[in-house]
Amino acid sequence: MQVSLRTIVLSIALVLSVALMGSPASAAQERPSVPLKGGATTQSFTMTLTRKADTAKGVNAPADVIYCGGYLSIPYVNSLYNAVHTEIEVQCSAVVDSIDLYIILYRDGSSINPGPKRYNPANYGIHYSSAPCQGTTNTYFAGGTAVFTKAGYVGSPLVMNGTTPQVTLAC
């Protein structure tokens with residue numbers, strides 16, 4: 001069951017990516033999709049957007065390279081709210097046109113999805129999903145996608161997505 005749920009999450013992320021970016025052929029050439037990398041309590045990622053050579057350079061010219069990264073937290077018990085919680089938090093080294101965040105928390109295979117959140121324009125964004133504690137032991141994992149858009153940059157929109165490992169939590 002674990003493999004099929006992660007496959008579903010990645011399929012949803014792929015569909016969102018293609019819908020946001022256009023055809024898969026162009027996505028493979030200019031718009032990388034970067035999986036999130038594991039950590040002790042988070043899944044972190046970092047990637048860059050590079051200004052196109054034909055973009056005008058002036059006194060107020062944008063940065064040549066914009067670094068974007070962040071993390072997707074492994075689900076944890078937030079005792080303050082008596083809930084299982086996960087979040088995706090991202091930041092860029094310069095302002096981008098928009099940051100779109102998607103997150104899904106799964107409890108025993110059922111999804112809790114708060115819907116997308118957009119920051120426009122921005123260099124920072126955070127989004128979360130939580131499920132009330134049920135007084136039982138349940139298995140949780142999260143899936144997240146971050147889409148960074150900046151006109152005039154190679155790799156835009158930049159899509160990063162992935163899932164956390166499954167964890168068993170009691171609350």
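The values are calculated or read from the model by the stated rules, or taken from the named source; none is laboratory data. This one's a predicted model, so the numbers in the text were calculated from it and none came from an experiment. With ideal geometry, Cβ positions are generated from the backbone for all residues, glycine too; neighbour counts draw on all protein chains shown. For the accessible areas, the whole protein counts, side chains as well, though only heavy atoms, and no ligand, DNA or RNA atoms are used. Shrake-Rupley method; radii C 1.70, N 1.55, O 1.52, S 1.80 Å.
See the values below:
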{"quantity": "Length released on extending from Asn120 to Thr139, taking residue separation times 0.36 nm less the Cα-Cα span", "calculated": "3.4 nm"}
{"quantity": "Average accessible area per residue (Å²) across the stretch 42-170 - probe 1.4 Å, nucleic acids and ligands excluded", "calculated": "45 Å²"}
{"quantity": "Net charge of neighbours whose Cβ lies under 13 Å from the Cβ of Tyr67, counting Lys and Arg as +1 and Asp and Glu as -1", "calculated": "+1"}
{"quantity": "Vicinal HN-Hα couplings computed from phi for the stretch 102-118 (Karplus, 6.51 cos²θ - 1.76 cosθ + 1.60; Hz; Gly/Pro x)", "calculated": "10, 8, 9, 9, 10, 10, 6, x, 9, 8, 10, 10, x, x, x, 9, 10"}
{"quantity": "Local net charge near Tyr128, Cβ-Cβ under 12 Å (Lys/Arg +1, Asp/Glu -1)", "calculated": "-1"}
{"quantity": "Sequence of Leu49, Leu169 from largest to smallest accessible area, 1.4 Å probe", "calculated": "Leu169, Leu49"}
{"quantity": "Sulfur and carbon atoms: percent of accessible area, the stretch 42-170 [1.4 Å]", "calculated": "51 percent"}
{"quantity": "Around Leu101: net Lys/Arg minus Asp/Glu count, Cβ-Cβ under 10 Å", "calculated": "-1"}
{"quantity": "Gain in span if fully extended, Ser110 to Tyr76, counting 0.36 nm per residue against the direct Cα distance", "calculated": "10.6 nm"}
{"quantity": "Principal axis dimensions, largest first and in whole angstrom, of the stretch 42-170 by Cα", "calculated": "60, 23, 19"}
